[in-house]
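To start, the structure under review is shown below, and the notes come after it.
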There are 2 protein chains.
Amino acid sequence: MSNVSRKTQENFQETLQQIERLLQRHRLIEGMVHKQSMAKHDLVEQLVHKQNLAELSLRLDRLHPADIAKVLEALPRADRLTVWELVRAERDGEILLEVSDAVRESLLEGMDSGEIIAAAGTLDADDLADLAPDLPEHVLSEVMGALEPAERAQVQSALSYRDDEVGSVMDFDMVTIRADVSLAAVLRYLRRFAALPENTDKLFVVDRERTLLGVLSLEKLLLNPPRRQVGEVMARDVVSFSPDNRVDDAVNAFDRYDLVSAPVLDANRRVIARLTVDDMLDAVREDSESLSLAGLKDEDLFSSIWKSAQNRWPWLAVNICTAFLASRVIGAFEATIAHLVALATLMPIVSGIGGNTGTQTITLIIRGLALGHITPGNSARLIVKELGIALLNGVVWGGVLGLIAFALYGQWALGAVMMAAMVLNLQVAALVGILVPITMQKLGRDPAYGSSVLLTAMTDSMGFFIFLGLATVFLT
Amino acid sequence: MSNVSRKTQENFQETLQQIERLLQRHRLIEGMVHKQSMAKHDLVEQLVHKQNLAELSLRLDRLHPADIAKVLEALPRADRLTVWELVRAERDGEILLEVSDAVRESLLEGMDSGEIIAAAGTLDADDLADLAPDLPEHVLSEVMGALEPAERAQVQSALSYRDDEVGSVMDFDMVTIRADVSLAAVLRYLRRFAALPENTDKLFVVDRERTLLGVLSLEKLLLNPPRRQVGEVMARDVVSFSPDNRVDDAVNAFDRYDLVSAPVLDANRRVIARLTVDDMLDAVREDSESLSLAGLKDEDLFSSIWKSAQNRWPWLAVNICTAFLASRVIGAFEATIAHLVALATLMPIVSGIGGNTGTQTITLIIRGLALGHITPGNSARLIVKELGIALLNGVVWGGVLGLIAFALYGQWALGAVMMAAMVLNLQVAALVGILVPITMQKLGRDPAYGSSVLLTAMTDSMGFFIFLGLATVFLT
């Protein structure tokens, strides 16, 4: 906790601005040096340059690794690499853990194998497992080779779980004790440690086979008379996890039971690792629904245009196909439109409002799924409710729009078609808005991912089809 | 921690299903009783009825308040109230804290003043402050009147802060100690407590005026020899907050520095309260970007159709205005469309892809703002980058669509207009996608709220205007 400034937030913005100023000066001097012929290097300039970098380096040394990570995220590529080179090598590992995947990649690109191996060497098994997927093959095998067998097994075990499984975020550092000793003995035992693992709020009570018998919170340890036995004081009812539980569920449990740490058990109830609240907070913050609604993976703010485009194209391509499909739906009614051009001006309203109401439904459903409030038992009721709202909206707003259409074009029939199309398309939007995320969840997928693109594809195509179809039947 | 089952997640779904079954049986029996004349009540049925409710009640007693809250969220209105009546009164307070605002409202509606006052009486000052905004005026004043003066002052202080300020989530329960005592004395002092406040990982070291001198982590307390003084062992560099700091910034700090608790200080650095990680986790989970993107407040999944509609209408009304505007833009070009109906089929592609690429930009920017990666220093670069991506996308995908338009309608000029319109509209989308959230943030508002509606309003209207405008100039 040392080195952490008091007014965290304001100070951070200030620090970032100071670093940006130093970097600006750095670029300026570099530019000047570059313009002159290399032989004519001004000694004074070189000195200023060095001083500037030294000041920058000093400032970085005083920052918490998490703050350096944040600075790196906020800097454009070139500046980022300048700062990265100035960071002391022994802090590289910690910082690599803190940055986002996208920025980590950009930092690793600039390091040679030796540097990466050195950085990885400073990390615990669970942190190493976080980093491993981003490391080049030969670097990873070298790092793994240098580990103790026990630690290597831990890394391999952590690597064998998917990103959304508890096994991928658990850590292996923990304190276990026996049930048949006194609290005084536990206190003596703890004093032999130089530090406890982060977020240690409880000790795990195990038998010879490491089977979990209970947990002893530090609170119980501190509040009870030292002569009492661990077994008398420990809690036996413990929230525990298995490594193949979903991270989302673990987050839910941490939130519900206000946990700081919890044991991870294997099939025989043996303690193999630990989950901590800081990893849960990370998991929640990384899991951004809105990014996945837009069909994006996390993106480095300053990656190259080309790289960013690659992140965005898959989903854009899908969108272009669906837009083309909607366009073909309209194309099928060209004769109707030629007959009554007003239809072309009104049709985007039907599709647009459909998309909007559907998005409202879909976001509420995705949230309900994430919080575990939607069950097989209650989804039928939800459908009824959403269809009801859609009917209400369709009649009210469709009615208003029908009146406007009549006012603009003086045709009662056009107004009626407008209203009918709104009612029907909002029903489509409500159904799709519920069924798409629920189905995705049932198939074991992220219910947010791409839901909204599928939704607008339906509300656009169906909106045009319903409106122009009704118009063709009743107006021509 | 007692009463918490082991396999949390699976068990919860099972429990919920069992409760749903019991409720179903309850409804069935009630229905039968209702159908028969009241006089003919079958004694056996009454017995079954009572047994059923007793079983339900027993099952609820065994659940953690957070789990009961989750059950209540997942149940339709009528069932929810049945369950709520069966919950033992002394647990009402805790449960009211755990449910979402929308559900809390529905539960309070069914309680009389006396019940609410009793429930509120079981709560701490900070929890009471959470509940207060939802309580009827006269109930609140009665509850406040029954408090000790010190506690009343705490509730009032917590109520004076906005929802997004640290003051609204801080709690007042904490342990403070002096610097000039030995660790042994601290250990003796702690043993006088029946329990420590939740999430206590450190004690606050203060002087006579409650000025913060440092913090003593339980870890340091346990690991150091008891004869040492608090002042020698405590950490002096402490992450602390002020009650008017933003909750978002506090979440960032908790995440960055892996905090479990932190002191809240007044202007004179006196300790007034405490922030804990469980409240941070709550705050992150409640703050759903995607809900606010869709312009929604949190909604009870089973509120009435009428209430839900009220939650959704403000935004829908805005959307209808913008859709109407876009429709009028098209209306201005009716002559052009009458001349070339193909334009009506192609125009939604231009507006749709614009909306989609803009949404990608906006979600990345909102995320960057939330994580603090976007600063005044780097936003100019972001604009350049996004405009670059938009240009690339416009040329590539606009080109593809131009070719398709040519293939469909055999006019080179139409294809060229299509491509040009795509390039221009994607530039609009990129600019709006960056500037809207950044401006909202500068104005001190939630950058997500409504951003996406504003964006599609622009990409729709501008998309139609650019495409039809170019067509009018070059194709007619």
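For A:F193, put the label point 7 Å out on the Cα→Cβ axis and report which residues of segment B:175-211 keep their amide N under 15 Å from it. Only B:201-202 pass the distance filter. In units of the compact-protein estimate 2.2 N^0.38 Å, chain B shows a Cα radius of gyration of 1.31.
By DSSP, the beta bridges lying fully in chain B are antiparallel in about 85 percent of cases. Across identical copies of the chain, B:E334 has label-point separations of 2.2 nm, listed in ascending order, with the point defined 7 angstrom from Cα along Cα→Cβ.
Looking at segment B:124-207, the trypsin sites (Lys or Arg not before Pro) that sit in a DSSP loop and have at most 16 other Cβ atoms within 10 Å of their own Cβ are B:R162, B:R178, B:R191, B:R192. Database remark: amide H of A:L265 closer than 5 angstrom to the amide H of A:F241, A:S242, A:I272 (H placed geometrically; neighbours at sequence offset of 5 or more, or on other chains; Pro and chain starts carry no H). Near B:W306, once Lys and Arg are set to +1 and Asp and Glu to -1 for all other residues with Cβ below 12 Å from its Cβ, the sum equals +3.
Phi angles across segment B:260-272 convert, under the Karplus curve 6.51 cos²θ - 1.76 cosθ + 1.60 with θ = phi - 60°, into 3J(HN,Hα) values of 10, 8, 7, x, 10, 10, 8, 4, 9, 6, 8, 6, 10 Hz, Gly and Pro given as x.
Compute the helix-to-body angle for A:149-159: its Cα long axis versus the longest principal axis of chain A, expressed 0 to 90° and rounded to tens. On a 0 to 90 degree scale, this one is about 10. Dipole check for the protein assembly as shown: with +1 at the C-beta of Lys and Arg, -1 at the C-beta of Asp and Glu, and the Cα centre as origin, the magnitude is about 540 Debye. Here is how far apart the A:L58 label points are across copies: 7.4 nm, shortest first, using a point 7 Å from Cα toward Cβ. Could you tell me the calculated FRET efficiency between A:I383 and B:M32, based on Cβ-Cβ distance and R0 = 41 angstrom, to the nearest 0.05? Efficiency computed from Cβ-Cβ geometry: 0.90. Residues in segment A:357-371 carry Karplus couplings, in order, of 5, x, 5, 4, 4, 5, 5, 5, 5, 4, 5, x, 5, 4, 8 Hz; the curve used is 6.51 cos²θ - 1.76 cosθ + 1.60 with θ = phi - 60°, and Gly or Pro positions show x.
Between copies, the label points at B:T176 (set 7 angstrom from Cα along Cα-to-Cβ) are spaced 4.2 nm, reported in nanometres from shortest to longest. With both labels modelled 7 Å from their Cα along Cα-to-Cβ, the B:R62 to B:R246 distance reads 4.7 nm. Once the C-beta distance of B:V400 and A:W306 is scaled by a Förster radius of 22 Å, the resulting FRET efficiency is 0.80 to the nearest 0.05. With K and R counted +1 and D and E -1, the other residues having a Cβ less than 15 Å from that of A:V428 yield a net charge of -2.
With labels modelled as points extended 7 Å from the Cα through the Cβ direction, what inter-label distance (nm, one decimal) is found for B:E55 paired with A:C321? Result: 5.1 nm between the two label points. Each residue of segment B:461-468 is assigned a 3J(HN,Hα), and the resulting list reads 4, 5, x, 5, 4, 5, 5, 6 Hz, derived from the Karplus form 6.51 cos²θ - 1.76 cosθ + 1.60 (θ = phi - 60°), x at Gly and Pro. Distant-in-sequence amide contacts of B:G214, defined by a placed amide H-H separation under 5 Å and a gap of 5 or more residues or a different chain, comprise B:V205.
Taking Cβ atoms as reference points and 14 Å as the exclusive limit, the residues near B:V206 contribute a net charge of +4, counting Lys and Arg as +1 and Asp and Glu as -1. If each of B:R228 and A:R162 carries a label point 7 Å out from its Cα toward its Cβ, how far apart are those two points in nm? Once both label points are built, they end up 4.7 nm from each other. Listing B:S308, B:S141, B:S240, B:S452 from fewest to most neighbouring C-beta atoms within 10 Å gives B:S141, B:S240, B:S308, B:S452.
We did not get these values from a lab; they are worked out from the coordinates using the rules stated. What you see is a predicted model, and the numbers here were worked out from it, not measured in a lab. We place every Cβ from the backbone using ideal geometry, glycine too, and count neighbours over all the protein chains shown.
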